[in-house]
Amino acid sequence: MNTPKKIPFLLFLTFLLVGCGEDFLNVNSRERVAAVDQEEIYRPDEFVIGVYGNFTEWEYAFSWLGVTEIISDNADKGSSPSDTGTDKHLLDNLQFSSTAPSIQAMWTIWYKTIGRATNAIEYTESFGLSDEAYKNRLIGEARFLRALSYFYLVRYFGDVPLQQEDLTQRVPEEEVYEFIISDLESAIASLPLKSEYPTDELGRATRGAAQALLSKVYLERENWSEAVNYADQVINSGEYGLEPNYEEIWREHSENGIESIFEIQARGESTAHGVQQYSQTQGARGPSGWGWGFNTPTQDLVEAYDSEGDEIRKNATIIFAGETLWDGREVSENVENPRYNEKAYSSANAGAADSDKNIRVLRYAEVLLIKAEAANELGNTGAALDALNQVRERVELDPVTTSDQAQLRRAIWKERRLELAFEHDRWFDLLRTGQAGEVMRAHGKDFVDGKHELFPIPEEQLRQTPEMRQNPGY
Amino acid sequence: MLFNNFQWSQKIMRYQHIPIIILTLLAFLLFLPDQSFGQQHTVQGTVNDQNGEPLPGVNITVKGTTRGTSTNSEGMYELTVPSASDTLVFSFIGFETQEIPIDGRNMIDVNLTPATLAGEEVVVVGYGTQQQEDLTGSISRIETEEITRQSSLTAMESLQGKITGVNVINNDAPGGTPTVILRGLGTALGGRNPLYIVDGVPVDDINNISPSDIESIDFLKDASAASIYGLRAANGVIIVTTKDGEGGAPQFEVSSSAGYTSVLNSVEMADQQEYITYFNEENAAIGGFQLAPSQQYNTDWYDELLETGYVIDSRASVSGGSENVNYFVSYNVNQEKGLLDEQTFWRQTLRNNNKYWLFNDVVEIDQNLSISVSRENPQPFSAFNTAYRQSPLVPTFYPNGRYGQPFVNETTGKMGYEGGEGEAIGRLNTHGNPLTAIAFNNQERNTVTLQGALSAKINFTDYLTFTSRLGGTKYYSDSRTFNPLKQGWIASDPTRTATQYETSKAENPGVTDWADNSLFVQNLERFRWNWDNFITFDKSFDRHNTELTLGMSSERIGVGSTFSGTAYDVPQQEQYWNLNLGSDDYEKQVNHTNFTPSTLASYFGRIQYNYDQRYYITGTLRRDGTSQFANTEDYWEFFPSVGLGWTLSNEDFMSDNEFIDFLKLRGSWGRLGNQNVPLNTTVIYTSTGSSSQNYVFGPAQTLRFGASVGSPARDISWEIVEEWNAGVDMEILDSRLSTSLDFYQKTTENVILLVNPLPDSPYAESFYDHGGEVVNQGVEVGLDWSNSISEELSYNVGVNFSYNQNEVTNVAAGYEGLTGGGLGNGQITKRLEEGQPLGAWWMYEAEGVWQTQEQIDNNPSLGGAMPGHLRYRDLNEDGVIDERDKRFFGSYVPNYNYGINIGLNYRQFDFSMDGFGVGGNKVYNGLNNTRFGGENTTRDMFEKRWTGEGSTNTHPGANRDARASSYYLEDGAYFRINNITLGYSLPEIIDRVSRVRFYVSAENPVLLTGYSGFTPELIGSDNGNPYGTAGIELSAYPNTRTLLFGINIDLK
């Protein structure tokens, strides 16, 4: 055998006989339909709906109660003493740590909402919609929802990461606010007025909602003139007014009504899609009850109403044991807690897992109070009194007449508490106005100055991004 | 029960073992008379060493047979051979083996020359073989005797403790397969199993191969050795070579063994009175009712649940050949019955390996074919769990024949499900009767595996060959599960009646929960093939010895499909269990999936060169492509390796050294890959229900459907392993003592993790990504001593020790969120963190027991703490006990393992003992920890419990909490005698019967461990996933011990 001459042949045989190229390695998918073969194309609106959808998560039905009201002087944990609601007792007593599940849950849900918004914005921008106005509206909606989520984050945690930039670094509060303001300014420019939406689209973010939120952001920043400016834009838009009867603000028929600026939408009929168990967690507990009985109004809140002689708002806000509700439902004397949150009560769905209760996030009365507070700080007492007394007039309270700036400030703060109780704003107000330490200690809770102004960065976050700074005191 | 087993085994004997037993008897009868007709030829002589000194104990065998003798103290031998044309083989440790044809002579004197090198062992290196002494890499070899010395279903079981660097975690359930880890865990989620190559065919496991068919197993441990299998070698390569025909006249081997199996390490549970005390103490603390002191039943659930298992194994093989053909045919049947009722495993294998030489030996054809058929009736291991927890106060059966349940009259404190007026009937706990889980379970799985390879080797010259090899494996399985829902429902409460069930059934038409029974069937088939072509050039030029291998390989895996279906209300009798006979009142469910196959393509080359068997260099380069990475089209990767060796003992300056017989230094470096990585896809979530993708708008509140992104798919590619190895091999004292020492460092550079998205990231779902490094470094030492004291007495002792340190390093920012080790009650026990081993324990540290309520009030405690509960350390001293106080406690994977193997031959007796131990790990007693109220406890926990202030500050009271803590984390070290065998071979009394050996063997007779559960050997769920239940005892099958009797008969 003349072997050497056969070697090239052998090599050829070995290396080329089996055509092992990319074709061989490119195997067709059989188990699942490959992306290229998928016919479904998502419309940009679907991703925008997905951003709204995140506001219907369980976090808003339970954790949210803990970090906004239970923690404050407005509400107690409620429920049975043995039912802690995982950490609601710790929030109630200001004993929470960085592993508190409620704080962790809210931190996460806001960032997930921000993520959905950013994705929706990017998807909408690149999708190739021909209707510019529609495209800008969708982007504006997502920006509004993103700004709302960042606004919660920055007020609770101070410096927080800007998701688009770096997940491991907290950026100064100032930059977060700049981001929020730019999102809202852009939303104001591209969102339609409430009246410009078709009826069946009501509930989407409007120009008025973005203006109202921006006004609230400026109030938080103590930029009084901009706060007044944006409040005035809402007030002068002619889109909004006060619901004549305070207690009817939380009825189904006034959802997205004249006073409504932004609400989280919910549906009680099958297929029900509410803010999860928002009505159930706060429903009366025990005989005749329909819920878990969390987030119950404090005696202190009752006294606050009484000191003002404010029967209308007290009765609209609080369900008392033994009372017969406006729809005829009798609440037994023997329910477990003396008081429950009436603003969460759904007549049609009561303790159903998904109720029709829309959560009022921004309403016209608050814009009036923002204007009142900011105008007072600017020394414009007349405008302040005018706005404040519009709110008082509805609930049949005497007008405030003081022209003393400090007194008026106190009056407006108190008005906010009574008007907006259980609308998830009390803790922010206490912190913003610097009253938190004084009020909470008077309320018997150990508020530590220099610590409790901010929440701890959740442990689950720090565990994965250890270089992120913890807030002082935790 | 035992009697039943016996009947069972008789039944099996009747069907499967009889042919072999008949064969055994026939062999005796047929060949017995032949004795007197045999041609007799006697050879004698003396064997001397190179200096003319007589050598005692030299083995002399007739080539191709097992007939032989050995020299006496004067070096003299005498042997009767069948034919004067036979060849004699003279072998002795430390000397070159010589083969001398008799050529009709009666006197043959021989001078043996010392072996210039250690042994002449050949190892398989992948696409070829190599002399052991020429290796530059780290390869361990195990041969047939070591594998078959103990009876086992798969070969890997018997290898525990025999090879350095190989950690085998056994599972003693019938049909159970061990987990094999070579040199530590390198991957968290990718394929963790080593690659098996059976006669050149890559496969996932070797469960279909009878251990007695295996000639040898080679473990390619370091990168220099394994990189020839580049793309799948990251977890090591195990090469299995099955037996070939021996050539010559047919030789029969028949063997059979049978034995009984029982629990090795049972745990004593509290009895009736102890339980009552424990229960009452617990209930007193939480304000529950009290049990009356006198109760009717005292059930030992493990006694009721466990049966004696058995193992029967029979094998027969024939091997022989002529000038152009060698053949090997074998048949094996293995039957196991487990510790639970009707828990069985049965496997038959048939193998035929033939070798043909054509055209004057120019073409060599190898053909291997094996068929393996198995049937398995598994039982749920959850029964072990329930038996642990159920109270001894519950009867197995009530007098009326109904299953016992933990019903108790809370008013009288007496057990029972009936009560007078105003009396409350409650339950002691939520568990059922352990026997029902077994009684109503009806599963069966049948499998058929066809595996074969055909290879042709063309010898162009004596130094140039071309080999083409085609291999394939076809696997079928069909399984079914029959669930008598109605009977189960009735059995779970003695007050339930069939009428009640039927009423509910009528009220819920079409609701499958109320069907009489359900039948689930699943068929699955898979096929894989590979085709390798390579040329080998092997030539020596003067003192330059070179070998060059070049080739390519292509492979297609996972071609197949699965079909499954569920039907309801099929007839009760097993013969009618067809989906088609299910009732039309219930919707049948049918699923069918074609698997997406994957393909692999590789080009490889290897050069092995040595100068004068002193200086060695091996270089390997492999280029691999895999369809796994089709989404990025980044198919290809290079895997190089290089190995160096220096045999000092062949140097001139060492030639005068009498002490050292062999000394070699080795070093290697290489890169290996793992392409068995998880599938990664972007999921967009949508829903038509109430989900957070959807929202409502407008007064009509129309539900609008939206979408959100789960997590985007990352571009996942090869897991790459880089490995360094340094080793030394040495033989001293006339090669009686041989030792090898290896150091290695193995780094998985880009390990794939299941990443929990950061809370502040946009993504909601966990996703896979490369996220860190895993470093395994270790030392392996092996020491073998063998000696022949006289021709009648020889022995060998082998010890080995492997140490491996595992550490996760360089975890990507934000990727440290992986947790695992869930106990099924919401508690987790493991977490990933940089600087810790893979799968590290992470939990609260128990630091005592709360003695008083006052103590709890004045110290940081977890919510709900009560006196008698464990007290956890406030690690960060912030006054609050929360997750930040959890700490790491090492790993469940042993840091070190060691084996000791002893063999002794004295006259006709042979004795062997293998022991195996591990240490440096911790295991978690989940059975003891995850306790809800009212369950039974171990006697040990009962006796040492906290009973009030000052009683103990270590052990919790009857009322304890179920949080995961270091209290339940125990030392996982153990030492076990794996096998003791004593054999006796009959003297050669019959000509055609070359060997008859009887033996008795004890498997796992002794276990030394401080662990309080059933077994410290815990593979866990999901094939040993480090973040699954590996190292946690929850429903694990206990270790078992087996006493076996067996016989081996060799005929010719």
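Quick note: the coordinates plus some simple rules give every number you see, no bench work behind them. Values in this document were obtained by computation on a predicted structure and should not be read as measured data. Cβ atoms come from the backbone with ideal geometry, glycine included; neighbour counts cover every protein chain shown.
Taking neighbour counts of Cβ atoms within 10 Å as a proxy for exposure, in what order, fewest first, do B:His41, A:His443, B:His544 appear? Listing B:His41, A:His443, B:His544 from fewest to most nearby Cβ atoms yields B:His544, A:His443, B:His41. Compute the convex hull volume of the Cα atoms of the stretch B:173-226, divide it by the residue count, and report the result per residue in Å³ as a whole number. Per residue, the Cα convex hull of the stretch B:173-226 comes to 116 Å³.
Were the residues from B:Leu470 through B:Phe537 laid out at 0.36 nm apart, the gain over their Cα-Cα distance would be 22.0 nm.
From most to least packed by mean Cβ count within 10 Å, the peptides A:308-317, B:162-171 give B:162-171, A:308-317.
Between B:Ile607 and B:Thr688, the C-beta separation translates, for a Förster distance of 56 Å, into a calculated FRET efficiency of about 0.35.
Need one value for A:461-471: mean number of C-beta atoms belonging to other chains within 10 Å of its residues' C-beta atoms.
For peptide A:461-471, the averaged partner shielding equals 5.
Here the stretch B:623-648 and the stretch A:36-113 have alpha carbon centers that stand 49 Å from each other.
Below 9 angstrom from the Cβ of B:Met730, what's the summed charge of the other residues (Lys, Arg +1; Asp, Glu -1)? Intermediate results must be reported in sequence, preceding the final value.
Values: positive: B:Lys664; negative: B:Asp661, B:Asp729, B:Glu731.
Overall, the nearby charge balance is -2.
Sorted on the mean count of surrounding Cβ atoms within 10 Å across their residues, most packed first, peptides B:792-799, B:517-524 read B:517-524, B:792-799. Straight-line cross-link partners of B:Lys221 among the lysines, defined as a Cα under 16 Å from its Cα and at least 8 positions apart when in the same chain: B:Lys162, B:Lys746. For the stretch A:431-454, the residues whose backbone nitrogen is under 13 Å from a point 7 Å from the Cα of A:Trp413, taken along Cα to Cβ, are A:431-442.
Report the net charge of residues surrounding B:Val521, where surrounding means a beta-carbon distance below 12 angstrom and charges are Lys +1, Arg +1, Asp -1, Glu -1. Can you show the working numbers first?
Working: positive: B:Arg445, B:Arg480, B:Lys588; negative: B:Glu444, B:Asp478.
Charge balance in the 12 Å sphere: +1.
Among the GluC sites (Glu not before Pro) within the stretch B:498-606, those in coil by DSSP and having at most 16 neighbouring Cβ atoms inside 10 Å are B:Glu587.
Quick one: if the Förster radius is 45 Å, what FRET efficiency do B:Ser786 and B:Arg887 give, using the C-beta to C-beta distance and rounding to 0.05? Efficiency, rounded to the nearest 0.05: 0.40.
Legend: calculated FRET efficiency, B:Phe743 to B:Glu78, from the Cβ-Cβ distance at R0 = 45 Å, rounded to 0.05, equals 0.35. Seen from B:Lys474, the other residues with C-beta closer than 11 Å to its C-beta sum to a net charge of +1, counting Lys and Arg as +1 and Asp and Glu as -1.
When B:Thr747, B:Thr261 are sorted by how many other C-beta atoms sit within 10 angstrom of their C-beta, beginning with the fewest, the order is B:Thr747, B:Thr261. Per-residue mean of foreign Cβ neighbours for A:106-118 is 4 (Cβ atoms of other chains, 10 Å radius). Each peptide in A:53-64, B:871-882 was scored by the mean count of other Cβ atoms within 10 Å over its residues; highest first, the order is A:53-64, B:871-882. Ignoring lysines fewer than eight residues from B:Lys588 along the same chain, the ones with Cα atoms less than 25 angstrom from its Cα are B:Lys486, B:Lys505.
Computed from backbone phi with θ = phi - 60° and the Karplus coefficients 6.51, -1.76 and 1.60, the 3J(HN,Hα) list for the stretch A:147-152 is 5, 4, 5, 5, 5, 4 Hz; x is used for glycine and proline.
Between A:Glu222 and B:Thr461, the simple spin-label model (points 7 angstrom out along Cα→Cβ) gives 9.6 nm. For the segment A:43-51, counting C-beta atoms of other chains within 10 Å of every residue's C-beta and taking the mean gives 6.
For B:Val893, B:Val240, the sequence from fewest to most other C-beta atoms within 10 Å is B:Val240, B:Val893. Applying a threshold of 20 Å to the alpha-carbon distances of A:Lys216/A:Lys371; A:Lys414/A:Lys451; B:Lys830/B:Lys922; B:Lys243/B:Lys664; B:Lys355/B:Lys539 flags A:Lys414/A:Lys451; B:Lys243/B:Lys664; B:Lys355/B:Lys539 as lying beyond it. Distance between the 7 Å Cα→Cβ label points at A:Glu174 and B:Gln805: 4.8 nm. For a paramagnetic label modelled on B:Ile286 (point 7 Å from Cα along Cα→Cβ), amide N atoms under 14 Å away belong, within the stretch B:956-970, to B:957-963. Could you name the lysines whose alpha carbon sits less than 21 Å from that of B:Lys337, not counting residues in the same chain fewer than 8 places away? Leaving aside lysines fewer than 8 places away in the same chain, those within reach of B:Lys337 are B:Lys11. Using a 7 Å offset from Cα along Cα-Cβ at B:Leu358, what residues in the stretch B:312-346 end up with backbone N under 19 Å from the label point? B:322-328, by backbone N distance to the label point. With both labels modelled 7 Å from their Cα along Cα-to-Cβ, the A:Thr86 to B:Thr499 distance reads 4.8 nm.
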